[in-house]
């Protein structure tokens with residue numbers, strides 16, 4: 001039932017005392033169940049433009065139903081909102097020991113309690129202050145719930161920093177002069193949010209674990225993207241002024257040297273004019289685009305085009321698009337208002353004729369994020385009337401939605417790159433990237449991306465030493481898109497000869513793991529489980545939602561203490577594979593193993609159980625560990641992802657000494673026919689026979705596009 005708390009303040013003026021009412025009117029939310037374990041509330045008058053409306057989400061109700069029913073999180077019963085000074089204020093309670101994750105794509109820290117952020121689409125500039133490529137206003141609690149603020153405004157979040165006078169858990173006042181435990185940041189029991197708008201929608205997602213909360217969020221946003229198989233191969237972005245002949249020579253060199261390649265990226269020089277853009281092929285470098293693309297496709301290699309959306313006067317659509325562009329320019333290019341159907345139709349017409357019809361497979365969408373002195377300022381106006389602040393927040397999301405629709409109409413899956421995104425992007429076939437280049441922070445971003453329904457790639461570009469080059473390439477091969485970006489300096493995988501073979505080995509391992517990776521992305525689509533997973537989402541690692549404050553603050557268990565730390569240098573790929581990268585200059589590192597037994601990926605040897613281990617792995621291999629009962633399906637090392645009808649032999653590795661089963665996913669790898677049921681889930685089972693020996697079995701599927709012909713079992717743990 002809605003309740004109101006009205007504080008009456010007094011203001012003394014000469015001649016009398018006048019009460020001021022309504023200054024801080026707080027309203028309890030009214031929550032409506034909108035899907036299994038998902039509730040919606042409205043604070044004030046919500047705006048029409050929001051991330052979820054732009055994304056056009058279609059919740060996967062089947063997946064949400066499979067997760068089961070959940071009751072509304074009682075910890076959020078005291079949530080309130082108010083409207084003051086043309087702004088909307090939200091407050092959500094926090095408990096002692098509760099940790100928070102999410103609040104955008106962060107590069108420095110995983111745990112977010114105690115932070116302050118203004119969530120603002122921008123190029124990341126070295127600080128986790130909310131200005132980032134995907135400032136998704138969604139946070140997840142270790143107590144089993146998530147909160148999404150569905151606003152396209154610059155949302156400011158105080159994630160447990162302010163101490164209210166009406167706090168339910170007031171911190172004690174301390175004297176800094178005499179009490180050594182005085183803190184500059186006293187305990188706070190609330191998340192408080194400011195939205196510069198008359199209202200907003202708020203969604204609550206419940207789950208027994210943080211992973212289940214993430215699943216519900218992704219499923220409500222349509223389920224995670226399922227890329228084409230070629231998208232999970234290896235991509236190489238060529239120097240910006242390469243011609244068609246040079247690109248073909250580069251692809252041939254990859255093949256001759258035995259390095260895998262599934263798609264190439266063409267940088268700005270493919271266009272007749274760029275910065276701003278014509279969006280048409282340069283006739284000197286690419287005189288016959290379709291012939292060029294056909295030659296690539298004959299080698300089972302696709303092509304991806306760099307663009308940013310800003311229109312040059314040399315573009316064929318320049319005059320027609322002018323009525324649908326904003327008041328300010330970007331690099332003297334006109335900025336289209338993609339919320340208007342007329343602008344979208346002009347782009348679709350030109351891009352379909354120039355790109356899709358001749359065989360382009362995707363886009364790299366640059367500069368839809370920031371910086372402020374590059375993009376349009378907040379004083380800009382747009383013909384739709386949408387404020388520039390909101391346009392900034394949704395622009396990259398809108399472009400993803402628009403281009404995905406073009407490919408869908410052709411029944412053709414795409415997989416591309418984008419610099420700006422927001423809430424509701426789970427189903428979008430794009431991976432975020434940027435120009436920032438800190439290896440350690442790249443790993444943190446991989447981890448934080450798993451909380452907010454986006455994908456992130458730590459691309460490799462260049463390195464000072466061969467050691468750094470190998471370490472970067474190892475990380476790249478265990479990310480959502482394995483990418484070498486040589487647009488500026490022409491770097492090749494074999495640029496450092498002393499580690500060239502090691503680089504090749506990890507690239508080929510990426511290709512071997514395609515069945516495992518593809519199934520992991522299928523889990524993202526059908527079940528909402530992110531392909532790259534923070535350790536805080538792993539069974540046996542996360543806090544018990546019923547844990548007491550005393551338990552959470554216990555100091556007698558070193559392993560438990562480590563679990564509570566901001567673990568930002570290791571992550572999971574799928575259900576079984578733990579990745580622990582090393583950085584240049586490191587000879588050893590510590591790895592935190594969750595509960596259960598864990599084994600070395602390469603040897604199958606037991607390495608530990610619910611323990612912190614120290615490893616000295618050498619340079620040639622990235623440390624990988626597999627949990628007990630892990631089933632890892634692999635194909636032979638190949639240079640290109642399999643063709644649509646190609647069938648390959650399957651090798652299935654099993655780790656540990658226990659029985660296990662795991663379902664491998666498959667479909668045609670290219671179209672959306674899987675949405676109509678043309679796919680397979682095939683059970684891989686390991687059981688002990690009468691002699692107590694582990695044996696493997698499967699029931700091969702002969703229809704719906706199953707691409708594995710035979711199977712060999714490898715029991716890695718002796």
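Say we look at segment 237-269 and pick out the residues that are under 15 Å from residue 639 (Cβ atoms) and out of contact with any helix residue (DSSP H, G or I) (no Cβ under 7 Å at 6 or more places or on another chain); which of these is surrounded by the most Cβ atoms within 10 Å (Cβ to Cβ)? Top of the filtered list is 254.
If you go through segment 280-324 and keep only what is more than 30 Å from residue 643 (Cβ to Cβ) and within 28 Å of the chain's Cα centre (by Cα), you end up with 308, 309, 310. When we screen 241, 219 for residues that are farther than 24 Å from residue 81 by Cα and outside any loop (DSSP other than H, G, I, E, B), the only hit is 219.
Out of all the residues in segment 666-679, is one or more over 27 Å from residue 234 (Cβ atoms) and in contact with a strand residue (DSSP E or B) (Cβ under 7 Å, 6 or more places away or on another chain)? Looking through segment 666-679, none of the residues is over 27 Å from residue 234 (Cβ atoms) and in contact with a strand residue (DSSP E or B) (Cβ under 7 Å, 6 or more places away or on another chain). Go through the residues of segment 172-187 one by one and say whether even a single one is out of contact with any helix residue (DSSP H, G or I) (no Cβ under 8 Å at 6 or more places or on another chain) and crowded, with 18+ Cβ neighbours inside 10 Å. No: zero hits. Exactly one residue out of 400, 412 is surrounded by fewer than 24 Cβ atoms within 10 Å (Cβ to Cβ) and either more than 20 Å from residue 335 (Cβ to Cβ) or under 17 Å from the mean Cα position of the chain (by Cα) (or both): that is 412. Counting only residues that are under 17 Å from residue 580 (Cβ atoms) and outside any helix (DSSP H, G or I), segment 444-495 holds 5 of them. Only one of the numbered conditions (1) under 26 Å from the mean Cα position of the chain (by Cα); (2) over 30 Å from residue 410 (Cβ atoms) is violated by residue 629, and that is (1).
Applying the criterion of being assigned to a loop (DSSP other than H, G, I, E, B) and over 23 Å from the mean Cα position of the chain (by Cα) to the residues of segment 572-593, the residue that is farthest from residue 634 (Cα to Cα) is 585. Could you check residue 643 against (1) under 24 Å from residue 712 (Cβ atoms); (2) modelled with pLDDT of 95 or more and say which number it fails? With respect to (1) under 24 Å from residue 712 (Cβ atoms); (2) modelled with pLDDT of 95 or more, residue 643 is out only on (2).
Looking at segment 120-133, is at least one residue surrounded by 16 or more Cβ atoms within 10 Å (Cβ to Cβ), under 30 Å from residue 438 (Cβ atoms), modelled with pLDDT of 95 or more and in contact with a helix residue (DSSP H, G or I) (Cβ under 7 Å, 6 or more places away or on another chain)? Taking every residue of segment 120-133 in turn, at least one turns out to be surrounded by 16 or more Cβ atoms within 10 Å (Cβ to Cβ), under 30 Å from residue 438 (Cβ atoms), modelled with pLDDT of 95 or more and in contact with a helix residue (DSSP H, G or I) (Cβ under 7 Å, 6 or more places away or on another chain). Residues in segment 452-468: is at least one surrounded by fewer than 23 Cβ atoms within 10 Å (Cβ to Cβ), more than 21 Å from residue 585 (Cα to Cα), touching a residue at least 60 places away in the same chain (Cβ under 8 Å) and under 19 Å from the mean Cα position of the chain (by Cα)? For segment 452-468, residues surrounded by fewer than 23 Cβ atoms within 10 Å (Cβ to Cβ), more than 21 Å from residue 585 (Cα to Cα), touching a residue at least 60 places away in the same chain (Cβ under 8 Å) and under 19 Å from the mean Cα position of the chain (by Cα): absent. Within segment 643-657, the set of residues being surrounded by fewer than 21 Cβ atoms within 10 Å (Cβ to Cβ) and within 18 Å of residue 668 (Cα to Cα) comprises 643, 644, 645, 646, 647, 648, 649. Among the residues of segment 594-607, which ones are modelled with pLDDT of 95 or more and either in a loop (DSSP other than H, G, I, E, B) or surrounded by fewer than 17 Cβ atoms within 10 Å (Cβ to Cβ) (or both)? The answer is 601, 602, 603, 604, 605, 606. Screening residue 620 with (1) touching a residue at least 60 places away in the same chain (Cβ under 8 Å); (2) touching a helix residue (DSSP H, G or I) at 6+ places or on another chain (Cβ under 8 Å); (3) crowded, with 17+ Cβ neighbours inside 10 Å gives one miss only, at (3). Remark: residue 577 matches the filter, which requires a residue to be crowded, with 21+ Cβ neighbours inside 10 Å, within 29 Å of residue 712 (Cα to Cα) and in contact with a helix residue (DSSP H, G or I) (Cβ under 9 Å, 6 or more places away or on another chain).
For the residues 408, 392, the requirement of being within 22 Å of residue 323 (Cβ to Cβ), outside any loop (DSSP other than H, G, I, E, B) and at pLDDT 95 or above singles out 392.
In summary, residue 291 fulfils each of the numbered conditions (1) outside any loop (DSSP other than H, G, I, E, B); (2) under 19 Å from residue 398 (Cα atoms) with the single exception of condition (2).
Restricting attention to segment 35-50, the residues that are buried (at least 16 other Cβ atoms within 10 Å of the Cβ) and in contact with a strand residue (DSSP E or B) (Cβ under 6 Å, 6 or more places away or on another chain) add up to 10.
Only residues that are out of contact with any helix residue (DSSP H, G or I) (no Cβ under 8 Å at 6 or more places or on another chain), farther than 19 Å from residue 436 by Cβ and crowded, with 24+ Cβ neighbours inside 10 Å were counted in segment 101-119, giving 1.
Each row is one residue, and each column tells you yes or no for (1) within 19 Å of the chain's Cα centre (by Cα); (2) closer than 20 Å to residue 400 by Cα.
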position	(1), (2)
200	no, no
206	no, no
217	yes, yes
225	yes, yes
233	yes, no
244	no, no
250	no, no
255	no, no
261	no, no
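Any residue at all in segment 694-703 that's in contact with a helix residue (DSSP H, G or I) (Cβ under 6 Å, 6 or more places away or on another chain) and either closer than 30 Å to residue 590 by Cα or crowded, with 16+ Cβ neighbours inside 10 Å (or both)? So far as segment 694-703 goes, no, none of its residues is in contact with a helix residue (DSSP H, G or I) (Cβ under 6 Å, 6 or more places away or on another chain) and either closer than 30 Å to residue 590 by Cα or crowded, with 16+ Cβ neighbours inside 10 Å (or both).
For residue 546, state whether it is modelled with pLDDT under 95, assigned to a loop (DSSP other than H, G, I, E, B), more than 20 Å from the chain's Cα centre (by Cα) and surrounded by fewer than 15 Cβ atoms within 10 Å (Cβ to Cβ). Considered against the rule, which asks whether it is modelled with pLDDT under 95, assigned to a loop (DSSP other than H, G, I, E, B), more than 20 Å from the chain's Cα centre (by Cα) and surrounded by fewer than 15 Cβ atoms within 10 Å (Cβ to Cβ), residue 546 comes out as yes.
The values are calculated or read from the model by the stated rules, or taken from the named source; none is laboratory data. All values reported here derive from a predicted model rather than from experimental measurement. Positions of Cβ are backbone-derived with ideal geometry, glycine not excepted, and every protein chain shown enters the neighbour counts.
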